[in-house]
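Heads up: the structure comes next, in structure tokens.
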Amino acid sequence: METRFGFYPSCSRPDKVYGVRLHSARSSITMLLPDKNVPESMHILKDDKWFNVPVIPGALVVNVGDFAKVMSNGIFKSVLHRVVTNSERERYSVTAFCTPEPRKRRGAD
């Protein structure tokens, strides 16, 4: 388990600057506690369209990552997402990544 604390300052040009560019997490599962004061700061890509991830006070956002996609033979899909900046408010987040130990062998017995 790895935890990161994110800080995204306000930005005068949010149309030009991403907080985090488009990516999928390498983890199995990623849990994010979003900033309830800055809604619509995380977007997911589905069917070539961007969707806002709603902020529900007290709720976590849970993403499936690349490792879960590989281990499930593609049954679970990695979530492509990005973080956008806000022109008026800074944003904080706490993210926990659940990732297996890299030195252990993975595969079917």
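The values are calculated or read from the model by the stated rules, or taken from the named source; none is laboratory data. Just so you know, these numbers come straight off a predicted model, no measurement behind them. In this analysis, Cβ positions are derived from the backbone assuming ideal geometry, glycine residues included, and neighbour counts consider all displayed protein chains. Protein only, heavy atoms only, side chains kept; ligands, DNA and RNA dropped before computing areas. Shrake-Rupley method; radii C 1.70, N 1.55, O 1.52, S 1.80 Å.
Details
- Two-site label geometry, L33 and D48: point separation in nm, points 7 Å out along Cα→Cβ: 3.9
- Table column - 3J(HN,Hα) (Hz), the range 20-29, Karplus curve with 6.51, -1.76, 1.60, x for Gly and Pro: 9, 5, 3, 6, 10, 7, 7, 6, 7, 9
- Residue among F97, F67, F51 with the largest mean-square fluctuation in a Gaussian network model of the chain, springs linking Cα atoms under 10 Å: F51
- With θ taken as phi - 60° and the Karplus curve 6.51 cos²θ - 1.76 cosθ + 1.60 applied, the whole-hertz 3J(HN,Hα) list for the range 37-43 is 7, 10, x, 6, 9, 10, 10 Hz, x standing for glycine and proline.
- Residues R91, R82, ordered by accessible area of protein heavy atoms at a 1.4 angstrom probe radius and largest first, appear as R82, R91.
- Rounded to whole Å, sorted largest first: equivalent-ellipsoid semi-axes of the range 44-86, Cα gyration tensor: 22, 14, 9
- Long-range HN-HN contacts of N86 with modeled amide H, under 5 Å: C11
- Heavy-atom accessible area for D35, with the other protein chains in place and a 1.4 Å probe, reaches approximately 20 Å².
- Kirkwood Rh (inverse of mean 1/r, distinct Cα pairs), the chain, angstrom: 14.9
- Taking all protein chains together and rolling a 1.4 Å probe, C98 ends up with roughly 40 Å² accessible.
- A cut-off under 12 angstrom between Cβ atoms defines the neighbours of V20, and their net charge, with Lys, Arg +1 and Asp, Glu -1, is +4.
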